[in-house]
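Enquirer: This is the structure, below, for whatever I ask next.
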Amino acid sequence: MRTNTSILMMQLSISIMNCSIMATVDDLDYQYLHVLPPRWTLCWTLAKKKVIWRIYGAQTTEQGNYSVFQVKDVRSMLDEAFLPKMEVPTRWIKSIPIKVNVFAWKLYLDRLPTRSNLSRRNVSLPSLACPLCDHVLEDSSHLFFGCSVAKDIQKLICRWWNLDVHPYESYEDWLSWFKSIRLGSKTKEVLEGVFYVSWWSLWNFRNQFLFASPIPRKDAIFDNIVLRSFYWCVARCNRTLNWVSWLQHPFLIPL
Ligand SMILES: [Zn+2]
């Protein structure tokens with residue numbers, strides 16, 4: 001029976017950073033478990049803070065003490081354990097779908113499964129080179145900012161939005177440049193959404209280039225960016241946008 005006790009304790013002991021979920025077995029005797037509580041205790045504690053829940057005996061759900069439990073404690077614990085420490089606040093653009101915002105966030109965190117990142121996780125790959133130019137290691141900075149395909153798209157977006165083309169090679173470069181752009185806040189937010197859509201479209205193009213048949217056309221990427229960002233903006237900004245204005249001078253559209 002003592003052997004079973006130690007096994008149970010090992011199975012239930014989980015530590016996340018400085019927090020812990022821990023089972024303490026006081027006296028494990030299955031024969032009388034339902035008779036005299038507490039035969040065992042299960043508690044979840046935040047280190048140096050309060051116990052956030054505790055369960056006694058066999059009647060766990062009825063006898064648990066949830067009076068000090070708060071959902072925000074669990075959320076804080078998980079955020080502390082899993083979220084990276086951010087130097088800038090989350091950038092969330094309402095004119096584009098959640099999936100594209102999440103994609104841009106992953107790009108910022110360098111969490112996309114590029115060949116460089118897969119290789120770091122010991123995934124065996126036939127090549128680490130960028131599939132679009134077959135020239136340089138495929139990491140996030142190259143694929144979305146340094147690759148010739150990415151630069152062509154950047155130029156087209158800048159021409160479309162009447163902006164000077166600025167050479168940037170990474171997300172940090174792009175963000176620094178983007179912050180320097182002088183536009184109204186709402187218009188600038190739409191432009192940021194356009195860039196997010198461009199990264200999302202480029203990633204889709206890269207995946208189709210690798211895995212789809214027939215291979216997609218490179219010159220269709222920009223058309224897709226203009227079209228998708230228009231429809232998403234119309235759907236989410238609660239305004240009627242004029243397609244011709246969107247094509248010709250999106251930076252002048254009143255938002
Ligand atoms: Zn490339």
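Quick note: the coordinates plus some simple rules give every number you see, no bench work behind them. Remember, predicted model here, so these are calculated numbers, not experimental data. Here the Cβ is made from the backbone with ideal geometry for all residues, glycine too, and neighbour counts use every protein chain on show.
Enquirer: In sequence order, what are the phi-derived ³J(HN,Hα) couplings for the range 156-170 according to the Karplus relation 6.51 cos²θ - 1.76 cosθ + 1.60 with θ = phi - 60°, rounded to whole Hz, with x for glycine and proline?
Expert: For the range 156-170, the Karplus curve yields 5, 5, 5, 5, 4, 9, 6, 10, 5, 6, 10, x, 10, 10, 7 Hz.
Enquirer: OK, next. Output the peptides 180-190, 135-145 sorted from most to least packed, where packing is the average of other Cβ atoms within 10 Å over each peptide's residues.
Expert: Answer by packing, highest mean first, reads 135-145, 180-190.
Enquirer: A follow-up question, please. Express the C-alpha Rg of the range 98-252 as a ratio against the empirical globular expectation 2.2 N^0.38 Å, rounded to two decimals.
Expert: So the range 98-252 has a normalised radius of gyration of 1.06.
Enquirer: Over the range 195-255, what relative contact order in percent results from Cα pairs under 8 Å that are six or more residues apart?
Expert: In percent, rounded to a whole number, it is 26.
Enquirer: Taking R0 as 45 Å, what's the FRET efficiency between Arg120 and Gln248 from their Cβ-Cβ distance, rounded to 0.05?
Expert: Efficiency at R0 = 45 Å is approximately 0.55.
Enquirer: Amide H to amide H, which residues 5 or more places from Glu169 or on other chains are under 5 Å from it, using H placed in the peptide plane?
Expert: It is Trp174, by chain and number.
Enquirer: So, one more: From the phi of every residue in the range 141-152, what ³J(HN,Hα) in whole Hz does the Karplus formula 6.51 cos²θ - 1.76 cosθ + 1.60 yield, where θ is phi - 60° and glycine or proline is x?
Expert: Karplus values, whole Hz, x for Gly and Pro: 4, 5, 4, 9, 9, x, 5, 4, 5, 5, 5, 4.
Enquirer: Shifting gears a bit: Residues with beta-carbon under 12 Å from that of Trp200, excluding Trp200: net charge, scoring Lys, Arg +1 and Asp, Glu -1?
Expert: +4
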